[in-house]
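Taking it in order: structure first as structure tokens, then the write-up.
The values are calculated or read from the model by the stated rules, or taken from the named source; none is laboratory data. Bear in mind that the values here come from a model prediction, so they are computed numbers and not experimental data. Using ideal geometry, Cβ is built from the backbone for each residue, glycine included, and neighbour counts are taken over all protein chains shown. Calculation scope for accessible area: heavy atoms of the full protein, side chains included, ligands and nucleic acids excluded. Shrake-Rupley method; radii C 1.70, N 1.55, O 1.52, S 1.80 Å.
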Amino acid sequence: MTKEEILQPQNMVAQKPELMNDVTMHYCPGCSHGVVHKLVAEVIAEMGMEEKTIGISPVGCAVFAYRYIDIDWQESAHGRAPALATACKRLWPDRLVFTYQGDGDMACIGTAETIHALNRGENITIIFVNNAIYGMTGGQMAPTTLVGMKTATCPYGRDPQLHGYPLRISDIAAQLEGTAYVTRQSVETVAAVRKAKKALRKAFENSMNGKGSNLVEFVATCSSGWKMTPTNANKWMEENMCEYYKLGDLKVKE
């Protein structure tokens, strides 16, 4: 038996997606972004779209998404990813075009671009990672921060009389005529990961089949911003985030 044969795994059950670059991720331990990245890479490869995909990288924790997934990327200004994705898809209609955005980027700074791109029915997919906090810039309150949740800018907890209520932007998107598929998923368990992957595949296929705009929200953790261990962050998310942001399909246009 050769050295190569000895080192070759005999019972391979999982491996790094072929589109994931061999670089160390900057995300904190327990962060949901890494799992979502993996799913995006797997779905693109399984669809055979490696050479025909354009990802729009945002500002925020996922600003370096282009380092991890080996596809063509464009970098947008803060919150403007849906506008840039619109241009890319209209110029190259045969391309799979998606944005990858956090809650502050998509649901606050980019609210207008998000709503209008979705309402126009642009054949793009918006991937929305919702961890209810501005994770990269110091843990400030986000539009999706839960009532009573403490952040750097609401240290006594979010007060709706002072700060307003958490924004369920996916529920709003589901009411727009241009949206074909709006869903809310998570990646904290194996079962959840499998459901999330199917949702991503459906959204990407819709965008390629000209069915309209698609929004895939991931209810996610931010163990550093929440000041919790990864295990406790997952538990807190399940007990609090998923209670307010209900998982499942919000709109499916046939």
Problem - Sole residue being over 22 Å from Val182 (Cβ atoms), hydroxyl-bearing (Ser, Thr, Tyr), in contact with a helix residue (DSSP H, G or I) (Cβ under 7 Å, 6 or more places away or on another chain) and touching a residue at least 60 places away in the same chain (Cβ under 8 Å), chosen from Tyr134, Tyr68 - result: Tyr134
Exercise for the section: Could you please find all residues in the range 212-240 being crowded, with 18+ Cβ neighbours inside 10 Å and assigned to a loop (DSSP other than H, G, I, E, B)? Expected result: Gly212, Ala220, Thr221, Cys222
Exercise for the section: Go through (1) over 21 Å from Pro58 (Cα atoms); (2) open to solvent by 60 Å² or more (accessible area, probe 1.4 Å) and name the single condition Asn119 misses. Expected result: (1)
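Yes/no per residue for (1) in contact (Cβ under 8 Å) with a residue 40 or more places away in the chain; (2) part of a helix (DSSP H, G or I):
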site: Tyr156; (1), (2): no, no
site: Gln161; (1), (2): no, yes
site: Arg201; (1), (2): yes, yes
site: Cys242; (1), (2): yes, yes
Practice task
State whether one or more residues within the range 53-60 are among the hydroxyl-bearing types (Ser, Thr, Tyr), out of contact with any Gly (no Cβ under 8 Å at 6 or more places or on another chain), at pLDDT 95 or above and surrounded by 20 or more Cβ atoms within 10 Å (Cβ to Cβ).
Solution key: yes
Practice task
List the helices (runs of 4 or more DSSP H) that sit entirely inside the range 54-148 and contain at least 2 residues that are in contact with a strand residue (DSSP E or B) (Cβ under 6 Å, 6 or more places away or on another chain).
Solution key: 65-68, 81-91
Fill in the blank from the handout: Across (1) buried (at least 16 other Cβ atoms within 10 Å of the Cβ); (2) within 18 Å of the chain's Cα centre (by Cα), Gly178 clears everything bar (2)
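Taking the stated definitions as given, is Ala192 open to solvent by 10 Å² or more (accessible area, probe 1.4 Å), within 30 Å of Ala45 (Cα to Cα), of a type outside the set (Val, Ile, Thr) and outside any strand (DSSP E or B)? Even if it seems obvious, please write down each step before you answer.
Details: open to solvent by 10 Å² or more (accessible area, probe 1.4 Å): yes; within 30 Å of Ala45 (Cα to Cα): yes; of a type outside the set (Val, Ile, Thr): yes; outside any strand (DSSP E or B): yes.
It is true that Ala192 is open to solvent by 10 Å² or more (accessible area, probe 1.4 Å), within 30 Å of Ala45 (Cα to Cα), of a type outside the set (Val, Ile, Thr) and outside any strand (DSSP E or B).
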